Amino acid sequence: MNVRPRLFTVGCMCLLGISLAGCANREKGPDWQLRQARHDLQTRDYQQAMVHVTRALNLRPGYGPAYLVRARVHEAQGFLAMALDDYARALDSPEDRAEALRRSGDLFRRLGRYAQAISSYEQLIRDDPDDVEGYLGRAGVLIKQKRYEPAREDLRRAEGIRPDDSRIAAALGQLFEAQGKFSRALREYERAVSLDKQNVDTRILLGTLHARENRIEEGLAAYGTVLQMDPGRGDVYYKRSFLHLAAGNYGKALDDTVRARFLGEEVDAAYVSRLKQQVQERAADAGP
């Protein structure tokens, strides 16, 4: 009996099995796990994102990109100290260092830890003097500290590197608004919107400036556009309610507070009670 063909077939099947197992292992390796974690982060499935990023780190200890993703998952869940620890770990990864510095600087700024925020942004600038993010971030902190001249200088440098960046125009608007130069702030916000029509945050700044300057219709229009673009912004519904109140539209103001609260925004109970009373009084005045 000739067994060679059978042995050859069995050998091929074994090799094929080993090859497929190797492919499966690669598919489930740290890079695959990290891709899954990023997808879960994007879809806000933070528990599953943490499962995948933990597996990635178990498979490849010290994996810089995994620390960066884990930091973002922590930050999204409000675990800010843990996020900062992981951003610090990601600094050792050359390909992730710039993003880790930027994100840690932004988080320090949110926490009001301005000296540490500036330190992060300055490291970013030292690593790459043409990195716009470092100048933008540092300028944002300097504006908060009312250090307007150095903030203006940072924004000049950023504008020289990237003249058509809508974020720089928006930051200039914030600088001028902080200085009480409202007409110049308005021009910069409008320029920022023209440079990036999809930038929701800039439209909110524009609407808030209109509200501050008592331009009710313009503010309502700006906030209305934002809510068409992103209906989940409870904070914008709440802001818009005050403009409806100023226009005497108590029912619309009350509706906006209801939407804001439904979307998780903290709403002043006394303000809501006052609106309800005004709606009832208006209905009584209107009669049957």
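The values are calculated or read from the model by the stated rules, or taken from the named source; none is laboratory data. This one's a predicted model, so the numbers in the text were calculated from it and none came from an experiment. Virtual Cβ from ideal backbone geometry, glycine too; neighbours counted across all protein chains shown. The protein model used for the area step is the full one, side chains on, heavy atoms only, and it has no ligands, DNA or RNA in it. Shrake-Rupley method; radii C 1.70, N 1.55, O 1.52, S 1.80 Å.
All conditions but one from (1) open to solvent by 40 Å² or more (accessible area, probe 1.4 Å); (2) within 25 Å of E153 (Cα to Cα) apply to R72; the one that does not is (2).
For segment 103-111, state whether one or more residues are charged (D, E, K, R), open to solvent by 10 Å² or more (accessible area, probe 1.4 Å), in contact with a helix residue (DSSP H, G or I) (Cβ under 7 Å, 6 or more places away or on another chain) and within 23 Å of L57 (Cα to Cα). The answer is yes; a qualifying residue exists. Among the residues in segment 195-208, are any at positive phi and either buried (at least 16 other Cβ atoms within 10 Å of the Cβ) or not aromatic (F, W, Y) (or both)? No, segment 195-208 contains no residue that is at positive phi and either buried (at least 16 other Cβ atoms within 10 Å of the Cβ) or not aromatic (F, W, Y) (or both).
Does L84 count as within 19 Å of the chain's Cα centre (by Cα), within 20 Å of V53 (Cβ to Cβ) and in a helix (DSSP H, G or I)? Criteria met by L84.
The residue that is nearest to F242 (Cα to Cα), counting only those in segment 263-282 that are among the polar types (S, T, N, Q) and surrounded by fewer than 16 Cβ atoms within 10 Å (Cβ to Cβ), is S273. For segment 125-163, name all the residues that are open to solvent by 70 Å² or more (accessible area, probe 1.4 Å), more than 17 Å from F108 (Cα to Cα) and assigned to a helix (DSSP H, G or I). Result: R126, D127, E149, E153, R156, R157. Within segment 126-141, the set of residues being over 17 Å from Y87 (Cα atoms) and either in contact (Cβ under 8 Å) with a residue 12 or more places away in the chain or under 17 Å from the mean Cα position of the chain (by Cα) (or both) comprises D128, D130, D131, V132, Y135, L136, R138, A139, G140, V141. Within segment 164-191, residues that are under 18 Å from D131 (Cα atoms) reach partners that are of a type in the set (F, W, Y) and open to solvent by less than 50 Å² (accessible area, probe 1.4 Å) with beta carbons closer than 8 Å, at six or more positions or on different chains, in the pairs A169/Y189; A170/Y189. Contact map, segment 205-222: first residue over 13 Å from A246 (Cα atoms), second residue part of a helix (DSSP H, G or I) and of a type in the set (F, W, Y), Cβ cut-off under 8 Å, separation 6 or more or different chains; pairs are L205/Y189; L206/Y189; G207/Y223; L209/F182; L209/Y189.
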